[in-house]
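Participant: Got a structure for you, questions after.
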Amino acid sequence: MEIADKNNEKVIAEYEDFVRENGCFMQSFRWAKVKCNWESEIILSRDENGEIVGGCLLLIRKIPVLGSLMYSPRGFVMRNSSSEVYSDIMSGIDILAKKYRAFKFFFDPLLTEDEIPDYIKNAGFIHEKNAPRKATIQVRENYILNLENRLCEDVFGEFKSDYRCRIRKAEKRGVRCEIGGENALSDFYPLLLETGRRDGFSVRKREYFERMLKSFTADECRIFLCRNADGVPISGAVAVRFGKFAHYVYGASSGKFRELYPNYLMQWEMIKWAKNGGCKIYDFGGIPHYKEENHPAYGLYRFKRGFGGEVVEYAGEFSKLYNKIPAIIFSRLI
């Protein structure tokens, strides 16, 4: 087990390459730079040849008086599932729990309930099967599109016929989808604020998106922005492609111009961007309440399923308590 020196550029680059090959962007050290209100550590597990075979980005949030909360988003990252590598990483987490006076550690792997190995199931973690949406940080139910060994035209051909028609109509009606970086924030962020007010969710500060675009490279994080024929921004999204995964992370749209179908064109452009970047999976993001047709959020699922993917339900969070009383107090405060 090795707790990485974050100032050692060679080690960090080695870790980034490993995560890019085996994990998702939330285990990248770049993600730690976005989450600047958390401290961070990286734990490595190496084989007898010194090669990284497992790793973990750990985010640490210090809580006054109580201690700290430790979280590994979408961790751990392992080349192959291994109880030895898992135990090696956990030994590092236990050491850091003492260092930071942690009262709780939790992680939420990119694995379904059936894919969770026995060495995690039998490790004594607190785990709630089928946890409700508000009980987990990350949405458990995602909509996934497989891109591996498929040409773009084949992917397009499996969209619902009316979706293909709407994408073509959007282009014919003058909608254009631009790909940009920080330069696009001035147009994207007002759309996001409008969407938050309309749909009733809180919106992160603009600085958060600035950090995201600065922390990841131009090849990894982009803003997609659709404009109508007059150049007015009418929909937008923040997308990340990292290794085999591409993720639709944040989306926004105007309450007007829906007859131009900008969101259909925008999703298609992001799927092509994912495919052209060598990604094997395009993640449309969460579809909470996808089984409840009468729920207001059901529309997310109804929209995404027309692109021909599949529903994946991840297992959720696994927690270890180091100090029960502060953990209980903290749970009552949030």
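Every number here is computed from the coordinates shown, using simple stated rules; none is lab data. Keep in mind that this is a model prediction, so the values were computed, not measured. Please note: Cβ atoms are built from the backbone with ideal geometry, for glycine as well, and neighbour counts cover all protein chains shown.
Participant: Restricting to Cα pairs below 8 Å that are 6+ residues apart, what does the relative contact order work out to for the chain? Please round to a whole percent.
Facilitator: Relative contact order of the chain: 22 percent.
Participant: Any idea how far apart residue 10 and residue 113 come out in nm if each label point goes 7 Å out from Cα toward Cβ?
Facilitator: 4.7 nm
Participant: Mind checking which of 89, 281, 137 has the largest fluctuation in a GNM of the chain, springs on alpha carbons under 10 Å?
Facilitator: 137
Participant: Express in whole angstrom the spacing between the alpha-carbon centres of region 287-334 and region 1-69.
Facilitator: Cα centres, region 287-334 to region 1-69: 25 Å.
Participant: How far apart, in nm, are two points set 7 Å out from the Cα along the Cα-to-Cβ line at residue 151 and at residue 210?
Facilitator: 4.5 nm
Participant: Write down the Kirkwood hydrodynamic radius of region 142-313, to one decimal in angstroms, obtained as one divided by the mean of 1/r over all alpha carbon pairs.
Facilitator: After inverting the pairwise mean of 1/r, the radius is 16.3 Å.
Participant: Rg(Cα) of region 15-89 divided by 2.2 N^0.38 Å?
Facilitator: Cα-based Rg divided by the globular estimate yields 1.15.
Participant: Now a separate question. Kindly express, to the nearest 10 degrees and within the range 0 to 90, the angle between helix 324-333's C-alpha long axis and the longest C-alpha principal axis of the chain.
Facilitator: Here the helix axis deviates by roughly 30 degrees.
Participant: Something else: For n ≥ 4 DSSP H runs only, could you compute -39500 (n - 2.57) per run for the chain, divide by its residues and tell me the 222 nm figure to the nearest 500?
Facilitator: Mean residue ellipticity at 222 nm (helix-derived): -10500 deg cm²/dmol.
Participant: When the expected Rg is taken as 2.2 N^0.38 Å, what fraction or multiple of it is the alpha-carbon Rg of the chain?
Facilitator: 1.03
Participant: Could you rank the peptides 224-230, 272-278 by their average count of other C-beta atoms within 10 Å per residue, with the highest value first?
Facilitator: 224-230, 272-278
Participant: If R0 is 35 Å, what FRET efficiency do you get for residue 169 and residue 40 from their C-beta distance, rounded to 0.05?
Facilitator: That gives a FRET efficiency of 0.15.
Participant: In debye, nearest 20, what is the charge dipole magnitude of the chain about its Cα centre with +1 on Lys and Arg Cβ and -1 on Asp and Glu Cβ, if you could check?
Facilitator: Dipole about the Cα centre, nearest 20: 1420 debye.
Participant: Hey, another quick one. Per 0.36 nm of contour for each residue apart, how much would the distance between residue 128 and residue 293 grow if the chain were fully extended, relative to their Cα-Cα spacing?
Facilitator: Stretched out fully, the residue 128 to residue 293 stretch lengthens by 57.0 nm.
Participant: Here are some pairs, 104/291; 134/160; 104/214; 62/324; 134/280; 33/205; which of them have Cα atoms lying more than 23 Å apart in this structure?
Facilitator: The answer is 104/291; 134/160; 104/214; 134/280.
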